[in-house]
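In what follows, a structure is listed as C-alpha cells, so that the remarks can point back to it.
The values are calculated or read from the model by the stated rules, or taken from the named source; none is laboratory data. As the structure is a computational prediction, the values presented were derived from the model and not from experiment. Neighbour counts run over all protein chains shown; Cβ positions are idealised from the backbone, glycine included.
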Amino acid sequence: MRRTTRLRELIGRGGRPLVLPGAPNALTARVVEQSGFDAVYVSGAGVSNTFLGMPDLGLLGMSELAAHVSAMADAVSVPLVVDADTGFGNSLNVQRTVRALERAGAAGIQIEDQVSPKKCGHFADKEIIGTAEMVGKIRAAVDARTDDDLVVIARTDARAVEGIDAACERAAAFSEAGADILFVEAPTSRQEMAHITRTVPGRHIANMVEGGLTPLLPTDELGELGFSVALYANAAMRGAVTGMRAVLDHLAKHGDTRNAQDLMISWADRQSLVNKPLFDELDRRYADGSDSREADGR
C-alpha cells in the first residue's frame, strides 16, 4: 500500500485520533516508528531548531526541507506528514513545493495562511494573508499532486489575528477549495476547540504544544471533541534535549561517562536503531562477488 493511501486510512478510521509525533530528522523518525506510532510529522520548527539552531521564523528553505524529507522517507516505512510552512511563496511556489516534497516521500503536506516569513503558531504578532489568496494556494497544492491520495492539510492562524469565528470561516473556505484536513491553530480553550469541530465540517488536527496557547487534552477527549489527529510536533525533540543535558551535566561534573550509561541507549541499541546489521549483511553479500539471487535460491 502506498504511504499516501495508508495515511488516508489512518485519518479516516474513526474513533481515537491518530497520534502524530513530530521528528526533526531521520534518526528521530526511526525512534518514533520503533515506538509503535503509525505516522511521523516532519516539524518545520523542529528542523529549524536542530538543523539551523534557529527559531521557527521562516528561516528554513524549501530545498533544505525536501532533503530532510527524503532522508526521513528512506529511513522509515510509515507515512510522513510534512510541515511546509507557507509553501515558500505564492501559489506557483506552492505547486513547486508540493511536487518537490511529494517526490521526496511526503504522504501529507501542510500549508498555512501566514505571511512570509512566517512565525511559530504560538508566537505573538502573527500576520495572515487574505482568504482568497490562501484558497488559491490550496487549489494550487491540490492540482500539483500527482498522487490523488496525497493529503493536503490547510492551516489557518487567523484565531490570533481575527478571532475564532473568522478562523472557522477560513477553515470552511479551505475545505471547499479541496483541503483534506483542517488545522485551526492555537485555540485558547476547550470551548474554542469544540466550536471548531462543531462549526466546520471535515477532519481536524489538534496541535498539542507543551507550554503553548492550546490546552493539553487527553487523546480520547480530543476524539470526543471531533478531532481526527492529535499532533505532538516537538515533544520528542524537547525530550531529547533533556536527555542530552543530563549526560553532559554528568560529564562536566565527573569528567567521564562511566556511570552515566543509564542515561543513554546502549551501544547495541544504537547500532540496531540505524540498521547496522542490515548494512553489514549487504556489505558481505556484495563484497564476495557472488550472485545474491543464487544464494537466496532464486
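From the list 145, 159, 139, which residue is modelled with pLDDT under 95 and under 26 Å from residue 89 (Cα atoms)?
On the way: 145 fails: modelled with pLDDT under 95; 139 fails: modelled with pLDDT under 95.
Of 145, 159, 139, the one residue that is modelled with pLDDT under 95 and under 26 Å from residue 89 (Cα atoms) is 159.
Which ones in the range 26-45 are modelled with pLDDT of 95 or more and in a helix (DSSP H, G or I)?
26, 27, 28, 29, 30, 31, 32, 33, 34
Would the range 177-185 turn up any residue that is out of contact with any Lys or Arg (no Cβ under 8 Å at 6 or more places or on another chain), modelled with pLDDT under 95 and not hydroxyl-bearing (Ser, Thr, Tyr)?
The answer is no; no qualifying residue exists.
If you go through the range 6-25 one residue at a time, how many are basic (Lys, Arg), modelled with pLDDT of 95 or more and either surrounded by 23 or more Cβ atoms within 10 Å (Cβ to Cβ) or in contact with a helix residue (DSSP H, G or I) (Cβ under 8 Å, 6 or more places away or on another chain) (or both)?
0
Between a first residue in the range 122-138 that is among the small types (Gly, Ala, Ser) and a second residue that is surrounded by 13 or more Cβ atoms within 10 Å (Cβ to Cβ), which pairs have beta carbons less than 7 Å apart while being 6 or more apart in sequence or on different chains?
Short answer, once both residue conditions are applied: 136/91.
Kindly list the number of the only condition in (1) assigned to a loop (DSSP other than H, G, I, E, B); (2) surrounded by fewer than 17 Cβ atoms within 10 Å (Cβ to Cβ) that fails for residue 248.
(1)
Among (1) at pLDDT 95 or above; (2) under 20 Å from residue 94 (Cα atoms), which single condition is residue 191 missing?
Among (1) at pLDDT 95 or above; (2) under 20 Å from residue 94 (Cα atoms), the lone unmet condition for residue 191 is (2).
What do you reckon, is residue 256 more than 30 Å from residue 182 (Cβ to Cβ), part of a loop (DSSP other than H, G, I, E, B) and at pLDDT 95 or above?
Here the answer is yes, as residue 256 does meet what is asked.
Are there any pairs, at least 6 apart or on different chains, whose C-beta atoms fall under 6 Å, with the first in the range 61-77 and under 15 Å from residue 50 (Cα atoms) and the second in a loop (DSSP other than H, G, I, E, B), and if so, which?
Sorted first by the residue in the range 61-77, then by its partner, the pairs are 69/105; 69/106.
Hey, could you check the range 272-291 for residues that are among the charged types (D, E, K, R) and farther than 25 Å from residue 72 by Cα and say which is surrounded by the most Cβ atoms within 10 Å (Cβ to Cβ)?
By that ranking, first place goes to 285.
Please find, among 47, 31, the residue that is in contact (Cβ under 8 Å) with a residue 60 or more places away in the chain, under 26 Å from residue 272 (Cα atoms) and in the same structural domain as residue 72 (by TED's automatic domain parsing).
Numbers: 47 fails: in contact (Cβ under 8 Å) with a residue 60 or more places away in the chain.
Just a single option satisfies the conditions, and that option is 31.
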